[in-house]
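The values are calculated or read from the model by the stated rules, or taken from the named source; none is laboratory data. From a predicted model like this one, the values you see are computed outputs, not experimental measurements. Because the Cβ atoms are built from the backbone with ideal geometry, glycine has one as well, and the counts that use them run over all protein chains shown. Calculation scope for accessible area: heavy atoms of the full protein, side chains included, ligands and nucleic acids excluded. Shrake-Rupley method; radii C 1.70, N 1.55, O 1.52, S 1.80 Å.
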Amino acid sequence: MKTIRVFILDDHEIVRNGLRQTLDRHDDIEVVGEAGLAAEAIRRIPALLPNVAVLDGRLPDGSGIDVCRDIRSAHPDVACLILTSYDDDEALFSAIMAGAAGYVLKEIRGNDLVSAIRTVAAGGSLLSPSVTRRVLDRMRQGPREDPTLASLSAREREILQHIAEGLTNRQIGTRIHLSEKTVKNYVSSILEKLGMTSRTQAAVYALKKTSED
């Protein structure tokens, strides 16, 4: 039987020790390394190339989801299992988008965790029925839209994107065939709806939303 190489990331030493002791009892699993910080894990995992990385959801310098995203982009053969105390939807969906093969809570029993590690090491994914249902519901609903952005009309969103590009009112008017005065009125409406006082604030907001998409 091929040995499953496991890396443990958790900021609590007592948790790491407990996980190591649980996993060391199984002949087909070998803990090859551990870390207490995200930066340390990102540095060590590529050198060790474990089959499975068990990653704590929240860390002092980031999260296991951040580590998963970085590791999976460079080393897709490393399966990441998020082990967290927090049962929140945003973290769950972020983990899935980051490429995590599984998402389990720390209340999981030792034998179930071992089974989860074996499952993701074999190329499977692990989501509980309740988590799967939440994922499907979220997919049916589509992505959540920022309610602030949703308050803008289609034309206002278009102009906001042009503001983010650094265009003046006159340049925007020329591009979308509106008078400079009409564009100015749109910009005033955009700033009011966003609760902002300057074009610079609006541009930064638009660029942030673009990067999130």
Lys, Arg +1 and Asp, Glu -1 on Cβ, resulting dipole of the chain about Cα centre, debye, nearest 20: 800
Heavy-atom accessible surface of the chain: percent carbon and sulfur, 1.4 Å: 51
Expected 222 nm ellipticity per residue - DSSP helices of 4 or more, -39500 (n - 2.57), all of the chain, to 500: -17000 deg cm²/dmol
Cut-off under 5 Å, modelled amide H: who pairs with Leu126 long-range: Gly102, Tyr103
Efficiency of FRET from Cβ geometry, Asp28 and Tyr86, R₀ 35 Å, rounded to 0.05: 0.75
Principal-axis tilt of helix 129-141 within the chain, Cα atoms, nearest 10 degrees: 20
In Å², nearest 10: area of Ile14 left accessible to a 1.4 Å probe: 130
Antiparallel DSSP beta bridges within the range 4-141, as percent of all bridges there, nearest 5: 10
Calculated FRET efficiency for the pair Ala47/Lys106, C-beta based, R₀ 25 Å, to 0.05: 0.40
With at most 16 other Cβ atoms within 10 Å, longest stretch of the chain clear of loop GluC sites (Glu not before Pro) (DSSP): 1-106
Met97, Met196, reordered so the largest accessible area comes first (probe 1.4 Å): Met97, Met196
Pair Glu13, Lys208: separation of 7 Å Cα→Cβ label points (nm): 3.8
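Could you sort His12, His26, His177 by their accessible area in this structure, using a 1.4 Å probe and putting the largest first?
Of His12, His26, His177, the descending order of accessible area is His177, His12, His26.
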Heavy-atom accessible area ranking, 1.4 Å probe, most first, across Asp70, Asp27, Asp56: Asp27, Asp70, Asp56
Solvent-accessible surface (1.4 angstrom probe) belonging to Arg5, in square angstrom, nearest 10: 80
